[in-house]
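Taking it in order: structure first as structure tokens, then the write-up.
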Amino acid sequence: IVNPVQYGDMFYPIYRIFYDLALRKYYPEMRISQETKIPESPWRWPLEWYMNEFASIGEIPQLKEALPVMASYRHRWTTMVQTSRQLAETYGDNEIITELSGVQVYHTPQDFEVATKLSEALGRRMVFVESVNRQGLTGTPTRSIAPDNVPLMDSSQFRAMPTEPMFARDRDGVELRQPDGRMLKTIRPAYQVIIAPNAPPIYST
């Protein structure tokens with residue numbers, strides 16, 4: 001379902017009704033297999049919900065009840081938002097969308113508060129810091145090594161992640177392309193941070 005941007009405010013109320021009805025339809029009471037005692041989805045095929053500019057639609061009331069059970073029905077909900085602040089403005093400070101998201105992909109947050117929260121979410125790592133002390137100008141230097149905890153990625157590193165790839169250019173600044181139209185060479189790729197369950201954070205291109 002696609003609408004022109006300039007008519008978004010007209011279509012969003014209709015979308016909210018559509019998704020609310022669809023979520024009630026697709027997630028009836030789950031049947032339990034008498035043989036395996038495992039929940040069985042009434043649907044034959046898996047389903048992918050993919051929503052761009054998700055937060056701009058506004059709050060979908062039924063989503064809070066549908067999200068926790070989607071995986072049991074072999075359904076997956078993929079959303080894109082500009083910033084986590086949008087989710088907080090739409091679903092409140094206690095929104096559960098982020099918490100229920102299995103895989104989270106982040107691209108170069110410019111908001112300092114968001115970058116700081118991401119830095120805290122990634123955790124810290126142990127480093128060893130060496131210091132050298134000397135008694136006077138002629139004293140014998142003494143070295144000491146002490147452990148220290150530093151962020152795996154601090155907020156400034158998050159905000160400095162390359163958002164767009166950089167491609168090779170000629171002397172006139174024109175991007176070099178192959179005969180089929182593809183870019184010739186990537187000098188610097190775009191980066192993203194992926195947070196997934198049961199795995200360490202991933203810094204990927």
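Between the C-alpha center of the stretch 160-205 and that of the stretch 63-127 there is a gap of 24 Å. In this structure, Val150 and Asp20 have a Cβ-Cβ separation that, at R0 = 45 Å, corresponds to a calculated FRET efficiency of about 0.45.
Of the chymotrypsin sites (Phe, Trp or Tyr not before Pro) found in the stretch 1-82, the ones in coil according to DSSP and having at most 14 other Cβ atoms within 10 Å of their Cβ are Trp43. Of the DSSP H helices in the chain, those with a Cα length along their own long axis of 18 Å or more and a mean Kyte-Doolittle hydropathy reaching -1.0 comprise 8-26. The alpha carbon convex hull volume per residue for the stretch 1-97 rounds to 105 Å³. Taking Thr108, Thr36 and ordering them by how much accessible surface each has at a 1.4 Å probe, largest first, produces Thr36, Thr108. With unit charges on the beta carbon (Lys/Arg positive, Asp/Glu negative), name the residue among Pro151, Ala168, Pro68 whose Cα is farthest towards the positive pole of the charge dipole of the stretch 64-205. Farthest towards the positive end: Ala168.
With both labels modelled 7 Å from their Cα along Cα-to-Cβ, the Thr36 to Glu130 distance reads 5.7 nm.
The label-point distance for Leu176 and Ala160, in a model that sets each label 7 Å from Cα toward Cβ, rounds to 2.8 nm. Using DSSP to define loop residues, name the trypsin sites (Lys or Arg not before Pro) in the stretch 11-93 whose beta-carbon has at most 10 other beta-carbon atoms within 10 Å. Passing both the DSSP loop test and the Cβ count: Lys37, Arg44. Applying the criteria of a DSSP loop state and at most 14 other Cβ atoms within 10 Å to the GluC sites (Glu not before Pro) of the stretch 9-54 yields Glu29, Glu35, Glu53. Put Ile60, Ile14 in order of accessible area, highest first, and with a 1.4 Å probe you get Ile14, Ile60. Once the Kirkwood radius over Cα pairs is known for the stretch 88-146, the Stokes-Einstein relation at 25 °C and 0.890 mPa s delivers a diffusion coefficient of 152 µm²/s.
The apolar share of the surface of the stretch 149-204, taken as the fraction of accessible area on carbon and sulfur atoms (1.4 Å probe, ligands and nucleic acids excluded), comes to 53 percent. For the stretch 41-190, the square roots a ≥ b ≥ c of the C-alpha gyration tensor eigenvalues yield an a/c of 1.5 or more together with a/b not exceeding b/c, which makes the shape oblate.
How large is the charge dipole for the chain, taken about the Cα centre, if only the Cβ atoms of Lys, Arg (+1) and Asp, Glu (-1) carry charge, to the nearest 20 debye?
660 debye
With the cut-off at under 20 Å, measuring from each backbone N in the stretch 13-57 to a point 7 Å along the Cα-to-Cβ line of Glu99 picks out 55.
The values are calculated or read from the model by the stated rules, or taken from the named source; none is laboratory data. Small disclaimer: the values here were computed from a predicted structure and weren't measured. Backbone-built Cβ (ideal geometry, glycine too); neighbour counts: all protein chains shown. All accessible areas refer to the heavy atoms of the entire protein, side chains included, with ligands and DNA or RNA removed. Shrake-Rupley method; radii C 1.70, N 1.55, O 1.52, S 1.80 Å.
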